[in-house]
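Comments concern the structure below.
Nothing in this text is a laboratory measurement; each read-out follows from the coordinates by a stated rule. Treat the numbers as computed from the prediction; the structure is a model and nothing was measured. Reconstructed Cβ throughout: ideal geometry from the backbone, glycine too, with neighbour counts over all protein chains shown.
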């Protein structure tokens with residue numbers, strides 16, 4: 001690969017922008033799909049089976065991700081290796097998202113071979129699989145492209161930082177949409193995803209085409225050694241720093257998916273504030289945006305893996321307080337009720353606030369939101385910095401093989417990310433169902449027992465935090481420093497010169 005020049009802010013912005021529409025779908029995919037398909041205000045399917053369908057649909061990535069990664073590494077066109085895939089994947093991704101979030105059919109029971117079942121489960125499986133096929137074609141080369149934009153240890157963090165900032169920006173748009181439409185009478189998850197899907201289909205082509213036009217894709221310099229797919233993936237697996245990083249990412253993503261998939265049900269059934277779910281998501285992701293520059297600055301000072309380690313401890317500390325808020329009496333939070341906090345408003349406006357929040361225990365909900373802002377500030381550290389570390393470990397492979405194979409690496413990265421998220425959704429939904437939780441129960445006159453709601457609380461907060469803590473020994477032993485990366489880069493340059 002020809003020596004990359006330092007990227008301008010315009011180029012960094014253009015590269016990072018396609019992450020926004022990806023996140024606009026990514027947030028609803030994790031947080032809203034279970035709520036849409038397994039809630040009384042959605043399609044009323046079984047929560048446990050919905051989680052299982054999401055996991056099964058992502059198994060298709062075991063085949064598609066390595067193939068697309070291998071092809072995008074080997075592809076040669078006048079427009080580059082990565083850009084054609086991004087353009088080709090757009091319509092598939094958009095179609096899958098539209099069919100998933102805005103089904104053109106209503107679901108009903110059907111009988112096949114004497115077995116009766118709701119075909120909504122098959123529809124969910126097919127549409128999620130289509131979304132991830134489009135994501136594989138479009139986004140896997142996109143991430144690999146980002147790893148090749150710079151050889152500088154810290155500029156790689158800038159590249160992933162810009163990408164993550166836009167990703168969180170897309171998540172913010174996804175988060176604020178339900179908060180805004182809430183005041184126009186749209187209170188259900190199905191309402192929010194309709195607006196987001198329309199916005200995604202408009203924004204995505206614009207930002208992807210701008211990235212393709214404005215951001216360079218540098219000419220590849222490799223040795224003439226050609227490897228088949230099987231041998232290529234074997235060398236990837238033997239890259240020890242990369243496999244450690246994959247283990248860290250799998251564990252972290254598993255916990256994140258458990259939290260995200262149960263967030264709506266926790267707010268609705270434990271905090272009794274389901275209609276205010278959008279008001280929780282918005283400040284949660286806003287705290288992520290605010291914290292990203294802090295994590296990036298810290299990574300330059302103490303190192304990337306130590307920064308992620310610090311984020312694990314910070315996340316776990318605040319997660320420990322979620323059950324306290326959940327089981328504490330509502331009377332403890334009366335002073336924080338939104339109508340009381342806004343009592344200084346003019347009489348007519350205050351009366352409207354009182355009417356809007358009548359019957360909702362907003363004091364406990366507000367305390368929960370503040371707590372989650374501290375917890376949510378770690379999201380940027382768990383996404384931007386590991387992605388930057390992934391770009392570093394590709395240099396280890398290049399030093400050994402003389403090949404630029406970021407596509408192979410990010411194919412595994414993408415595959416395990418999707419599978420770990422899917423597994424997290426299934427584990428979370430299965431555990432709460434086993435614990436006796438019924439997602440279709442009326443939260444105000446609930447048939448859920450105290451024990452079932454406590455299981456929901458623990459699976460939502462404590463168990464994911466404990467899972468993240470298991471990454472500490474791996475992070476502690478991670479030793480791919482800036483100096484070692486520079487040495488691998490010199491070795492790689494020597495092999496192709």
(request) Measure nothing fancy, just the Cα-based angle from helix 277-302's long axis to the longest principal axis of the chain, in degrees from 0 to 90, nearest 10. (result) 30 degrees
(request) Starting from the Cα gyration tensor of the range 357-434, take the square roots of the eigenvalues, sort them a ≥ b ≥ c, and report rounded, prolate or oblate (rounded when a/c is under 1.5, otherwise prolate if a/b is larger than b/c, else oblate). (result) oblate
(message) At 7 Å along Cα-to-Cβ for each site, give me the label-to-label distance between residue 9 and residue 214 in nm.
(response) 1.2 nm
(message) If you fit an axis through the alpha-carbon atoms of helix 240-269 and take the longest principal axis of the Cα set of the chain, what angle between them do you get, 0 to 90°, nearest 10?
(response) 20 degrees
(request) Compute the long axis of helix 406-434 from its Cα atoms, compare it with the longest principal axis of the Cα atoms of the chain, and write down the angle in degrees, 0 to 90, nearest 10. (result) 20 degrees
(message) If you consider only alpha-carbon coordinates, what radius of gyration and Dmax does the range 315-454 have, in Å?
(response) 22.8, 72
(request) Determine one quarter of the surface area of the Cα convex hull of the range 1-127, which equals its mean projected area, and express it in nm² to one decimal. (result) 11.0 nm²
(request) Can you give me the three principal axis dimensions of the range 267-355 from its C-alpha atoms, in Å, biggest first? (result) 53, 30, 21
(message) Averaging the inverse of every distinct alpha carbon separation and then flipping it gives the Kirkwood radius. What is it for the chain, in angstrom units?
(response) 23.4 Å
(message) At 7 Å along Cα-to-Cβ for each site, give me the label-to-label distance between residue 374 and residue 483 in nm.
(response) 3.8 nm
(message) If each DSSP helix of 4+ residues adds -39,500 (n - 2.57) and the sum is divided by the residues in the chain, what number results at 222 nm, nearest 500 deg cm²/dmol?
(response) -24000 deg cm²/dmol
(message) Report the gain in length on full extension from residue 342 to residue 79: 0.36 nm times residue separation, minus Cα-Cα distance, nm rounded to one decimal.
(response) 89.0 nm
(message) Starting from a Cα-only point model with no solvent, please compute log10 I(q)/I(0) by Debye for the range 16-62 at q = 0.18, 0.26, 0.29, 0.33 1/Å.
(response) -0.64, -0.93, -1.00, -1.07
(message) Rounded to the nearest angstrom and ordered from largest down, what semi-axes does the equivalent ellipsoid of the range 121-176 get from its C-alpha gyration tensor (root of 5λ)?
(response) 29, 17, 6
(message) Just to verify a number: FRET efficiency for residue 334 and residue 434, C-beta to C-beta distance, R0 = 45 Å, to 0.05?
(response) 0.85
